[in-house]
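Okay, structure first, notes after.
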Amino acid sequence: YAGLRYMPFFERVSGDSMCPTIHNGDRVITNLVLLPPARVGLDDIVVMEVYEKNRRYIKRVVAVEGMVVPLHSGAPYCLRKGEYWLEGDNKCISYDSRDFGPVPGERIIEKVIKILCAHDKQEFPQEF
């Protein structure tokens, strides 16, 4: 992958955890994160891989290393080097870092670069 700046992928979103930004059925164009996510920053929308469930989640980066986040217990937690705190925009239903804790950078595999609304899908093939 040396020399590649962009490696776009198309992902179909399943679920409403990112509403109102991204809705169920929307598609997103993502860029593969080729190196440890040095280019992933606060407020970016990313795709993380959950190995044990063989799934991918799309979430927003709400905290990065060095920032403090509250845990369920109310205790503060300072994110360590290479850790990210990811949450869905729809806080009421999102399964995210508030449930599973900080995310190591190596689990962040893609960064969303464009959101394609479901009503625009006629412009794109049904399956990518």
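Just so it is clear, none of the values below were taken in a lab; they were calculated from the coordinates. Bear in mind the structure is a predicted one, so any value in this text is a computation, not a measurement. A quick note on method: Cβ atoms are made from the backbone with ideal geometry, for glycine too, and the neighbour counts reach across all protein chains shown.
In summary, the aspartates and glutamates within cross-link reach of K53, defined as a Cα separation below 19 angstrom excluding same-chain residues under 8 places away, comprise E11, D16, E87, D96, D99, E106, E110. Ranked by the mean number of other Cβ atoms within 10 Å of their residues, highest first, the peptides 61-72, 20-31 fall in the order 20-31, 61-72. Report the local net charge at C19: Lys and Arg +1, Asp and Glu -1, summed over other residues whose C-beta lies under 10 Å from its C-beta. Residues near C19 contribute -3 overall.
One equal scatterer on each Cα of the range 14-102, no solvent, Debye formula: the resulting log10 I(q)/I(0) at q = 0.26 Å⁻¹ is -1.52. For K81, the lysines whose Cα comes closer than 20 Å to its Cα, not counting residues fewer than 8 places off in the same chain, are K59, K111.
Want the number for K81 to K114: 0.36 nm per residue separation, take away the alpha-carbon distance, what's left?
Details: separation 33, 0.36 × 33 = 11.88 nm, distance 2.79 nm.
Net length gain for the segment: 9.1 nm.
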